[in-house]
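Comments concern the structure below.
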Amino acid sequence: MIDLLGYGGFFLSTALIFGLIALGLNLQWGLTGLFNVGIAGFVAIGAYSSAILTTPETVDRVGGFGWPIVAGWLAAAAITATAAAFTGYATLRLKSDYLAITTFGVAVVVQLVALNAQSLTGGPFGVAFIPRPFASVQDQSVLFNLSNLGVIAAVTLAVYLALERLSRSPWGRVLRALREDERAAIALGKSAQSYRVQAFAVGGAVMGLAGAVQAHFIGFIAPDNYLPTLTFQVWAMLMVGGSGSNRGALLGAIVVWAIWVGSGSVTAALVPADLQARAASLQIVAIGVMLCLILLWRPQGFFGSGRSPK
């Protein structure tokens with residue numbers, strides 16, 4: 001029972017981190033209609049930024065700044081917001097399909113930099129010894145996981161409330177107007193380029209914060225953590241929960257992560273050990289089938305408004 005409680009804390013912590021990423025995507029796509037398929041890249045920027053700033057000094061990699069964890073998280077959000085704003089300024093004049101290609105290219109570039117810039121990111125060996133909250137009790141898995149769950153839940157709640165407030169503010173109403181009828185919003189004197197860059201930057205900051213929180217929760221990061229599969233997972237979470245709904249983003253993250261973990265457990269139990277590497281792709285198949293079924297039953301997702309961004 002105690003082990004189950006500890007695993008429950010770990011599961012929910014991971015799901016809420018994905019929920020944070022989905023909240024950032026919901027601001028970009030659900031509220032503004034910006035088709036970002038470079039999610040993994042922005043999450044990686046946040047994770048590596050915080051890791052570099054907070055880890056102890058090493059002889060073969062930049063680091064040793066010794067920043068507090070919270071300062072690392074805030075810096076990660078700011079750095080990722082800057083990277084997202086730069087990307088947005090350069091690309092948001094493009095239509096949705098070209099924007100998707102460009103943001104995917106950004107994610108590939110970030111992943112390649114993480115893989116090859118060994119003096120900065122540790123290369124394929126990644127970054128280890130990332131400070132973890134409540135590290136003094138990490139030998140007590142239940143207490144450690146539940147303590148981290150409390151911190152992650154508090155961060156997620158704060159971001160959720162902030163985004164809810166933003167979405168109901170005049171700024172959020174302008175974003176919805178740009179999504180629904182760009183020409184009418186421009187006719188009213190609103191700058192589409194400026195507002196879209198702002199939305200892309202704020203969404204990127206949330207993704208970067210999620211990456212930093214995940215890095216400190218796990219204590220180790222590597223380029224393989226930020227493959228396109230991550231982007232697929234987060235998009236599935238938002239579609240299941242309902243595009244345009246912050247509640248949907250969080251619920252979709254929990255549901256999809258449960259299916260992902262459950263399909264992995266079933267695969268491990270039923271498939272012989274020598275075939276499990278190939279059978280791992282069944283997790284993606286399970287998410288795809290589930291996504292199709294949910295969209296057939298409820299095209300707008302659990303909490304979606306039923307209107308897709310144009």
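Listing for the model above:
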| read-out | value |
| --- | --- |
| Selected residue (criterion: most open to solvent (accessible area, probe 1.4 Å)) from residues of the range 49-73 that are aliphatic (A, V, I, L, M) and touching a residue at least 60 places away in the same chain (Cβ under 8 Å) | I69 |
| Residue in the range 221-232 that is among the β-branched types (V, I, T), open to solvent by 30 Å² or more (accessible area, probe 1.4 Å) and at pLDDT below 95 present | yes |
| In the range 122-134, the residues that are under 19 Å from F217 (Cβ atoms) and either out of contact with any Ser or Thr (no Cβ under 6 Å at 6 or more places or on another chain) or in contact (Cβ under 8 Å) with a residue 40 or more places away in the chain (or both) | G122, G126, V127, A128, F129, I130, P131, R132, P133 |
| Any hit, the range 233-250, residues being touching a residue at least 40 places away in the same chain (Cβ under 8 Å) and surrounded by fewer than 14 Cβ atoms within 10 Å (Cβ to Cβ) | no |
| Pick from the range 73-97, criterion out of contact with any Gly (no Cβ under 8 Å at 6 or more places or on another chain) and among the hydroxyl-bearing types (S, T, Y), ranking: nearest to V159 (Cα to Cα) | T82 |
| Odd one out for Q214 among (1) over 20 Å from F35 (Cα atoms); (2) at pLDDT below 95 | (2) |
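The values are calculated or read from the model by the stated rules, or taken from the named source; none is laboratory data. Predicted, not measured: the structure shown is a model, and the values here were computed from it. For neighbour counting, all protein chains shown are included, and Cβ atoms are generated from backbone atoms with ideal geometry for every residue, glycine included. We work out accessible area using only protein heavy atoms, side chains counted, and drop any ligands, DNA or RNA first. Shrake-Rupley method; radii C 1.70, N 1.55, O 1.52, S 1.80 Å.
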